[in-house]
Number of protein chains: 6
Amino acid sequence: KKKKKKKKKIMARAVLTRVEKFSAAHRLWSPTLSDAENLSTFGPCTRTHGHNYVLSVSVAGRIDPATGMVINLTTIKALVTDRVVAVLDHHHIDEDVPWFGAAGRPSTAENIALWAFLSLRGALPAGVDVVAVRLDETDKNTAVIRAE
Amino acid sequence: KKKKKKKKKIMARAVLTRVEKFSAAHRLWSPTLSDAENLSTFGPCTRTHGHNYVLSVSVAGRIDPATGMVINLTTIKALVTDRVVAVLDHHHIDEDVPWFGAAGRPSTAENIALWAFLSLRGALPAGVDVVAVRLDETDKNTAVIRAE
Amino acid sequence: KKKKKKKKKIMARAVLTRVEKFSAAHRLWSPTLSDAENLSTFGPCTRTHGHNYVLSVSVAGRIDPATGMVINLTTIKALVTDRVVAVLDHHHIDEDVPWFGAAGRPSTAENIALWAFLSLRGALPAGVDVVAVRLDETDKNTAVIRAE
Amino acid sequence: KKKKKKKKKIMARAVLTRVEKFSAAHRLWSPTLSDAENLSTFGPCTRTHGHNYVLSVSVAGRIDPATGMVINLTTIKALVTDRVVAVLDHHHIDEDVPWFGAAGRPSTAENIALWAFLSLRGALPAGVDVVAVRLDETDKNTAVIRAE
Amino acid sequence: KKKKKKKKKIMARAVLTRVEKFSAAHRLWSPTLSDAENLSTFGPCTRTHGHNYVLSVSVAGRIDPATGMVINLTTIKALVTDRVVAVLDHHHIDEDVPWFGAAGRPSTAENIALWAFLSLRGALPAGVDVVAVRLDETDKNTAVIRAE
Amino acid sequence: KKKKKKKKKIMARAVLTRVEKFSAAHRLWSPTLSDAENLSTFGPCTRTHGHNYVLSVSVAGRIDPATGMVINLTTIKALVTDRVVAVLDHHHIDEDVPWFGAAGRPSTAENIALWAFLSLRGALPAGVDVVAVRLDETDKNTAVIRAE
């Protein structure tokens, strides 16, 4: 009976999500497409514009009985701020972040979420995993990358 | 090494969500229930009323390295608008959409989400799947249909 | 000096706003317009549809030093619920509320806000005034009636 | 052919989410940590403060063809109100709810979501399961407990 | 008595607000300031970034008894779209709109709201006035221009 | 003609609003009321609970042609943070802020907004005035103090 209780405690898992916002400029333009293809694919997004992006980083792990936490929110906040927000906020994503423009990757919501996921994955303490990164480009368009 | 990189690129998958809104009237009334059962089951919802519905359609697929997209948002937007929003917006769902009233299906949030899911499933290009349709009836009531 | 302090306390005024929501059906149709005029004026709104309306009732008065309140929120809540929400929620506004359909008034956001304002004005205790009634029909369309 | 159709109807499953809000006070303090550890772990959260919590309870089941419902929203609303909201709303969570303070569990978002999950799990009719409980502590911090 | 009633009808005034959104890039840089002054005044805003702007245009007038409207929302929508949204959406405000960069006006929220106000003022039919233009740059920063 | 233009520039006024949030605990209890009166007036609010408060500080002034600003947002942000948020955030308002509990003032939304208004009024540079302080206690209850 005791063993069972103990096991239940150890098994209590939660997903914790931290939301941070940043304001950035970008345009969609792919070096592997012709000018006409770029225009027909990306339309007005080929012009430099910008967004208030909302980034939601979800991590999963067991709840530490001593602290009641999967991970301290100040830790996630610092990681997301340092590795993602500080790099993108008040920047032109394509011009200022080499993973995008210099590497020829269009700064779609999918790719920004993927970059954030790759930037955060592996940065967390043992036992805590980034399970999803969600990026709201507007309140109508959202991309999510999930750990497979 | 090259092979690995290639594989990683191919495996990058994302979920893309498009949100559209529509305003519609409906009432809840089931032909398979008696009047008394309808009233006790649906209460004030048996009277014609309406909502600003929020529809969130989520599709999944790999990110095309050339465009950075799972699918062009203009494609999803057009599909959702044509197949769902144009049919329901500024309409009385039970009276105007045969799948509901004429077929005896109550226009609950669950059923509207299901109808939207069935209307969109199969409409997307190869390699892109509708994985979830979410319908917010109010900011307190939400139904989600997920692809099994 | 004392007198001045006393006066300042008495003069401390605030505006208190209570927000309530209701879901209703309506259509826009004016008996003083021809069918063609109705269609050209109201377009798809001539069809029965509905909204999650958000009603914000603002009252102004001095802050009672004993309670720290302009008026008890439970009082405003009860008034707004009884006189407005209970009449409109889960109803077809034009068919069920005589001030609209039977009297030939189109149930525009302006008119619903006006009706709510007239229904609440004068219902408050002495010294507290309804200064504004705001009605959000959607998150893009809002009407406000202010006390003149 | 008929059989297949019938089966499809029976298999239509949905997730229904009900959102309720409550306002509560709490502080983070763990009896298994020293004062210094509490301060370094929880920082300003060691002081009594409070939140407008948003609780989202998601249940899954098949859609009943007669009612179009997974479960009547009034049933979920009553359960969430009775078992969770009534216990926490306008209370000091650590002082008033024995599962937290008296039992030495810090009232983190993870633990409050876990407590709500445990309080609701098993309360639903046969065939309907609580699949997730989400607790938004602020609009930047969210915890989710999912049924395993 | 009749006269009074008539007068009351004529006097029923309302404020109608239409909300439109656009996504644009900008940077803050003033030609009348030195480089050092620009940096100390505008900080990270001197770098090209962007926002999802929310524009709320409020007009006031009497409610037409025949239509129940101050003005047809389709009219305001068209005006706001043509004169403001089409000019700014998916554009770099400083580079693409002469009133800003070419004229040396920094594209602060205050100035964008002012430009929108000047662009819309006078465009409305007789008896309807633009009384306020509100611009939300983020959900923390808002500028409002009111008709004096 | 020149004079007119110059005058127009000088007269361009705007209202700038900065929004900050804080999480605090409080209870409503008035020393000038009996226990029974407190309970009948404040109900469940007599128990310690808490909120995520949203504070919106609106200031008005002319737009400086050189900077395009009424006032630098970093200045308002710092003032609101130092004088209001730092004092209330993660605190028990009645116990920790002498203007409330020690002085016998109930910490209603009206009084918190009034305290914030008094704390900020006069702190701004010449030519810029605090014209309104708005406090959202929940998304249904809001108090506003306006400069008279």
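FYI, it's all coordinate maths here, none of it is from the lab. Owing to the predicted nature of the structure, the values given are computational and were not obtained by experimental measurement. Note that each Cβ is placed from the backbone with ideal geometry, even for glycine, and that neighbours are counted across all protein chains shown.
Quick notes
- Distances in nm from C:GLU37 to the matching label points in the other copies, shortest first (labels 7 Å along Cα to Cβ): 4.9, 5.7, 5.9, 5.9, 7.9
- In terms of overall dimensions, the C-alpha atoms belonging to the range E:23-89 reach 60, 20, 16 Å along their principal axes, ordered largest to smallest.
- Per-residue HN-Hα couplings for the range A:98-105 [Karplus 6.51, -1.76, 1.60; θ = phi - 60°; Hz; x = Gly/Pro]: x, 4, 9, x, 4, 8, x, 8
- Estimated dipole of the protein assembly as shown in Debye, rounded to 20 [Cβ of Lys and Arg +1, of Asp and Glu -1, Cα centre]: 40
- Taking only the C-alpha atoms of chain E, the Rg (one decimal) and the largest Cα-Cα distance, Dmax (whole number), read 18.6, 70 Å.
- In order through the range F:31-41: 3J(HN,Hα) via Karplus (6.51 cos²θ - 1.76 cosθ + 1.60), integer Hz, x for Gly, Pro: x, 8, 10, 6, 4, 5, 5, 4, 5, 6, 7
- Computed from Cα atoms, the angle from the helix B:2-11 axis to the main principal axis of chain B rounds to 10 degrees.
- Translational diffusion of the range A:21-62 was estimated from the Stokes-Einstein equation, with Rh taken as the Kirkwood radius over Cα pairs; at 10 °C and 1.306 mPa s the coefficient is 127 µm²/s.
- Rg/Rg_ref, the range F:53-114, where Rg_ref = 2.2 N^0.38 Å and atoms are Cα: 1.43
- Spatially, the range A:52-74 and the range E:70-146 are offset by 41 Å when compared through their Cα centroids.
- In this structure, the amide hydrogen of D:MET69, modeled 1.01 Å from its nitrogen in the peptide plane, lies closer than 5 angstrom to those of D:ASP64, counting only residues at least 5 positions away or on a different chain.
- Label points for E:TRP99 are taken 7 Å from Cα along Cα→Cβ. From this copy to the others they lie 3.9, 3.9, 3.9, 4.5, 5.6 nm apart, shortest first.
- A simple spin-label model places the labels of B:ASP139 and F:ALA86 3.2 nm from each other, with each point 7 Å out along Cα-to-Cβ.
- Set B:LYS21/E:LYS21; A:LYS77/B:LYS21; D:LYS140/E:LYS140 screened for pairs whose C-alpha atoms are more than 23 Å apart: A:LYS77/B:LYS21
- Largest-first principal axis extents of the Cα set of the range B:86-148 (Å): 36, 27, 21
- Treating r as the C-beta distance of F:THR74 and B:ALA103 and R0 as 51 Å, the FRET efficiency rounds to 0.25.
- The rotation axis taking chain E to chain A passes closest to the C-beta of one chain E residue; that residue and the distance in whole Å read E:GLY50, 0.
- Comment: the Cα-to-Cβ extended label point of C:ALA86, at 7 Å, lies 2.3, 4.5, 5.0, 5.0, 5.9 nm from its counterparts in the other copies, nearest first.
- For the range C:1-117, share of DSSP beta bridges that run antiparallel, in % to the nearest 5: 95
- Taken one residue at a time, the phi angles of the range A:109-118 give Karplus couplings (6.51, -1.76, 1.60, θ = phi - 60°) of 4, 4, 6, 5, 5, 5, 4, 5, 4, 5 Hz. Gly and Pro are set to x.
- Cα pair distances exceeding 44 angstrom across the protein assembly as shown, given as percent: 32
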